[in-house]
Amino acid sequence: TDNVALELRANGQRALRLEPGADRPNILAGSYANAVTNGVRSATIAGGGSNTLPNLVTDEYGTVSGGYGNRAGDGAGTVSDRAFATVGGGGGNVASGWKSTIAGGWYNIASGEESFVGGGQVNEGSGIYSTVAGGFSNLASGSYATVAGGNNNRAAGAAAFVGGGEDNWT
């Protein structure tokens with residue numbers, strides 16, 4: 001009732017933090033270094049993180065479920081311009097598009113509005129409603145574009161599709 005965050009500690013370190021909000025609190029678990037940008041509401045960090053690679057939520061309604069070094073939100077502009085971003089886990093992933101999602105993997109980026117990256121490594125969904133299911137170093141930059149997997153594939157045209165393989169560009 002005092003508008004102060006509640007922290008539960010284990011072995012002297014924060015394990016869970018409940019941050020008050022006028023109508024939408026934030027929930028932070030895992031590493032004590034995990035953080036939510038000031039002014040963000042309804043953020044959730046379910047766990048993971050480390051003191052050198054914390055999980056971060058920088059925009060409202062963002063979620064990081066686990067892993068380390070992940071970010072939900074763009075970390076720029078207002079705290080509501082890239083809301084509803086989600087990272088499931090993995091490491092070094094950045095879901096910075098409005099309503100974007102990364103399920104897991106390593107060093108993936110979902111920067112397009114409602115873009116999705118399923119996993120793999122170094123993949124990017126930068127087009128609006130774009131999808132990269134997995135693989136390595138794939139890019140779906142066109143609107144509604146999809147790369148199903150493979151290596152170094154690019155779907156740059158509107159509604160372009162690459163099913164897999166290597167070095168395919170549409």
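Worth pointing out:
- Per-residue 3J(HN,Hα) values for the stretch 51-66, derived from phi via the Karplus relation 6.51 cos²θ - 1.76 cosθ + 1.60 with θ = phi - 60°, read 5, 9, 10, x, 8, 10, 10, 10, 9, 4, 6, x, 9, 10, 7, x Hz in sequence order (x marks Gly and Pro).
- Percent accessible area from carbon and sulfur atoms, the stretch 66-106, protein chains only, probe 1.4 Å: 56
- Note that the stretch 37-87 carries a Kirkwood radius of 10.4 Å, evaluated over its alpha carbons pair by pair.
- Close amide H contacts of G69 (hydrogens built in the peptide plane, cut-off under 5 Å, sequence separation of 5 or more or a different chain): G49, S50, N55, G92.
- The shape of the stretch 1-94 can be summarised by an equivalent ellipsoid whose semi-axes, obtained from the alpha carbon gyration tensor, come to 19, 18, 9 Å from longest to shortest.
- For I109, the accessible area of its heavy atoms, probed at 1.4 Å with every protein chain present, is near 60 square angstrom.
- Relative contact order of the stretch 69-110, taken over Cα pairs closer than 8 Å and 6 or more residues apart, is 37 percent.
- Remark: the stretch 38-170 is approximated by an ellipsoid whose semi-axes, taken from the C-alpha gyration tensor as √(5λ), come to 26, 16, 9 Å, largest first.
The values are calculated or read from the model by the stated rules, or taken from the named source; none is laboratory data. Everything numeric here is computed off the predicted structure, so don't read it as measured data. To get the accessible areas, we keep the full protein, side chains included, count just its heavy atoms, and leave off ligands, DNA and RNA. Shrake-Rupley method; radii C 1.70, N 1.55, O 1.52, S 1.80 Å.
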